[in-house]
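To keep things clear, I will list the structure first and then write my remarks on it.
The values are calculated or read from the model by the stated rules, or taken from the named source; none is laboratory data. None of these values were measured; they are calculated from a predicted model. Counting neighbours? That spans all protein chains shown, and the Cβs are built from the backbone with ideal geometry, glycine included. All accessible areas refer to the heavy atoms of the entire protein, side chains included, with ligands and DNA or RNA removed. Shrake-Rupley method; radii C 1.70, N 1.55, O 1.52, S 1.80 Å.
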Amino acid sequence: MNSPHVVFYRSMNLGHAGSPDRATLEGALSAAGARGVKSFQTNGTVLFDADDPLGVVAEAAKTLESAAGYTEPALVRGLDLLVDVLAGDPFDGHEDSRTYRKTFTFFDGGRSVELKLPWTNSKDDVDIVELREGLALSLIRKEKSNAGSPTAEIERMFGVPATTRTLGTIERLVKAAGRG
């Protein structure tokens, strides 16, 4: 039996212009061979099972483009990775009174980057506290109405598309999958 997977779509907002609605998103993945498809929240986070998760997401992309004009990248991760990261309590000892959100930023490939962790950007509003292959764990701060953007930092550093979810989203996702 395969472990469940999660696809994190970049810049998706279900039902808005340029994004599919929930039925179209779930239907595209199911038609491409995914099983147990469950769209989670409205931000393009979907739990599913498949023999070929990357192939399913690539096939579903054709339907999402033709049905909704959606062409942004989709980043696939095994649910086990998220469970493992959460079990390690990666943000412990890094947050302070200025912390606005704890985040998971997903990306594939890109330039090789060496960072001394924790790393803080020049605006002092993003701290990357852990970096794994294809995953950056960050703390963001918010001054007035401007919050730090780990997505922008990862895209700038690695030169590839990225998408970010909050710790709360990941925790709720894992719980919804019966693993939290």
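Within 30 Å of Glu26 (Cβ to Cβ), of a type in the set (Asp, Glu) and within 13 Å of the chain's Cα centre (by Cα): which single residue out of Glu171, Glu155, Glu65 fits that description? Of the residues listed, the single one that is within 30 Å of Glu26 (Cβ to Cβ), of a type in the set (Asp, Glu) and within 13 Å of the chain's Cα centre (by Cα) is Glu171. Could you give every pair whose Cβ atoms fall below 6 Å, whose first residue belongs to segment 89-104 and is more than 16 Å from Leu135 (Cβ to Cβ), and whose second residue is open to solvent by 90 Å² or more (accessible area, probe 1.4 Å) and in a loop (DSSP other than H, G, I, E, B), counting only separations of at least 6 or pairs across chains? Close Cβ pairs satisfying both conditions: none exist.
Taking segment 46-69 as the region of interest, how many residues are of a type outside the set (D, E, K, R), under 20 Å from Leu173 (Cβ atoms) and not in a helix (DSSP H, G or I)? Matching residues across segment 46-69 total 4.
No other residue among Asp96, Asp89, Asp80, Asp84 is surrounded by fewer than 21 Cβ atoms within 10 Å (Cβ to Cβ), assigned to a loop (DSSP other than H, G, I, E, B) and at negative phi apart from Asp96.
Among the residues of segment 22-34, the one identified as touching a residue at least 12 places away in the same chain (Cβ under 8 Å), touching a helix residue (DSSP H, G or I) at 6+ places or on another chain (Cβ under 9 Å) and open to solvent by 50 Å² or more (accessible area, probe 1.4 Å) is Ala31.
It is to be established whether one or more residues within segment 1-8 are in contact with a Pro (Cβ under 9 Å, 6 or more places away or on another chain), assigned to a loop (DSSP other than H, G, I, E, B), of a type outside the set (Val, Ile, Thr) and exposed (fewer than 14 other Cβ atoms within 10 Å of the Cβ). Scanning segment 1-8 turns up at least one residue that is in contact with a Pro (Cβ under 9 Å, 6 or more places away or on another chain), assigned to a loop (DSSP other than H, G, I, E, B), of a type outside the set (Val, Ile, Thr) and exposed (fewer than 14 other Cβ atoms within 10 Å of the Cβ). Looking only at residues in segment 99-142 that are over 22 Å from Arg10 (Cα atoms) and of a type in the set (Asp, Glu), which one is most open to solvent (accessible area, probe 1.4 Å)? Checking each candidate, the answer is Glu114.
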